[in-house]
Amino acid sequence: MIQKLAPSRTTAPRVITAIGRRLLATPPDWAAFTVRLVLGGVMFPHAAQKAFGWFGGYGFSATMTSFQEQLGIPAVLAFLEIITEFLASVGLIAGFLGRLSALAVAIIMLVAIGLVHAPNGFFMNWFGTQPGEGFEYHLLALAMTIALMIRGSGAFSVDRAISRA
């Protein structure tokens, strides 16, 4: 006799749930909390300058034009950079999708080093003797993003509240 099996649930939701749990899981770590607040707090003004013209920035249109004309970045990528930097900084401050936000910042830092800062050397341009800024700041930000991708958002994060629910 052939038995008709009840339709089984697909494993896709389980996989997504497992990935989501791993992405959000984070211990109540004060170090991760501190790192994400500092990184998000430093990135936010830069992002707000580009997106809204806050903190003495040029705003969205001027930043788009600058990225395209001076750096040769296609419009779609320039748009994605501005939006991603803003959302990632807010995500870091809130501790929401902290690992993803940190990854986004890491990619932005790597692209900034490659397109703009590497030719200027390692050091920041403290004394105005270089044609632009070096990449030492970007390396520090990269180290912070790596720590957050490994550890998660830490204490007082949306990720922790969701993953504990």
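The values are calculated or read from the model by the stated rules, or taken from the named source; none is laboratory data. Since the structure is predicted, the reported quantities are computational estimates derived from the model, not experimental observations. Glycine gets a Cβ as well: all are built from the backbone with ideal geometry, and neighbour counts include every protein chain shown.
Here is a yes/no grid of residues against (1) within 19 Å of the chain's Cα centre (by Cα); (2) crowded, with 20+ Cβ neighbours inside 10 Å:
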site: MET43; (1), (2): yes, yes
site: PHE52; (1), (2): yes, no
site: GLY56; (1), (2): no, no
site: GLY59; (1), (2): no, no
site: GLN68; (1), (2): no, no
site: ALA75; (1), (2): no, no
site: THR84; (1), (2): yes, no
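Among the candidates PHE127, PHE135, PHE123, single out the residue that is more than 15 Å from the chain's Cα centre (by Cα) and buried (at least 21 other Cβ atoms within 10 Å of the Cβ). Spell out how you get there, then give the answer.
Working: PHE127 fails: buried (at least 21 other Cβ atoms within 10 Å of the Cβ); PHE123 fails: buried (at least 21 other Cβ atoms within 10 Å of the Cβ).
The conditions single out PHE135.
Pairs only if they're at least six apart or on different chains, beta carbon under 6 angstrom, first in the stretch 29-50 and closer than 12 Å to SER89 by Cα, second among the polar types (S, T, N, Q) and surrounded by 18 or more Cβ atoms within 10 Å (Cβ to Cβ); list them, first residue then second.
ARG36/SER153; GLY40/SER89; MET43/SER89; PHE44/SER89; ALA47/SER89
Only one of (1) under 17 Å from the mean Cα position of the chain (by Cα); (2) closer than 30 Å to PRO74 by Cβ is not met by THR34, so which one is it?
Of (1) under 17 Å from the mean Cα position of the chain (by Cα); (2) closer than 30 Å to PRO74 by Cβ, only one is false for THR34: (2).
Among what's in the stretch 141-165 and is over 14 Å from ARG36 (Cβ atoms) and free of Cβ contacts under 8 Å to residues at least 40 places away in the same chain, pick the residue that is surrounded by the most Cβ atoms within 10 Å (Cβ to Cβ). Walk me through it before giving the result.
Quick first cut of the stretch 141-165, residues over 14 Å from ARG36 (Cβ atoms) only: 142, 161-165.
Then keep just the ones that are free of Cβ contacts under 8 Å to residues at least 40 places away in the same chain; that gives 142, 161, 164-165.
On the way: LEU142: 19, ALA161: 13, ARG164: 10, ALA165: 6.
The qualifying residue surrounded by the most Cβ atoms within 10 Å (Cβ to Cβ) is LEU142.
Confirm whether ARG22 is at negative phi, of a type in the set (D, E, K, R), surrounded by fewer than 11 Cβ atoms within 10 Å (Cβ to Cβ) and at pLDDT below 95.
Values: at negative phi: yes; of a type in the set (D, E, K, R): yes; surrounded by fewer than 11 Cβ atoms within 10 Å (Cβ to Cβ): no; at pLDDT below 95: yes.
When the stated conditions are applied, ARG22 does not pass them.
When both residues are 6+ apart or on different chains and their Cβ atoms are under 8 Å apart, which pairs have a first residue that lies in the stretch 101-116 and is within 18 Å of LEU148 (Cβ to Cβ), and a second that is of a type in the set (Val, Ile, Thr) and not in a helix (DSSP H, G or I)?
No pair meets every condition.
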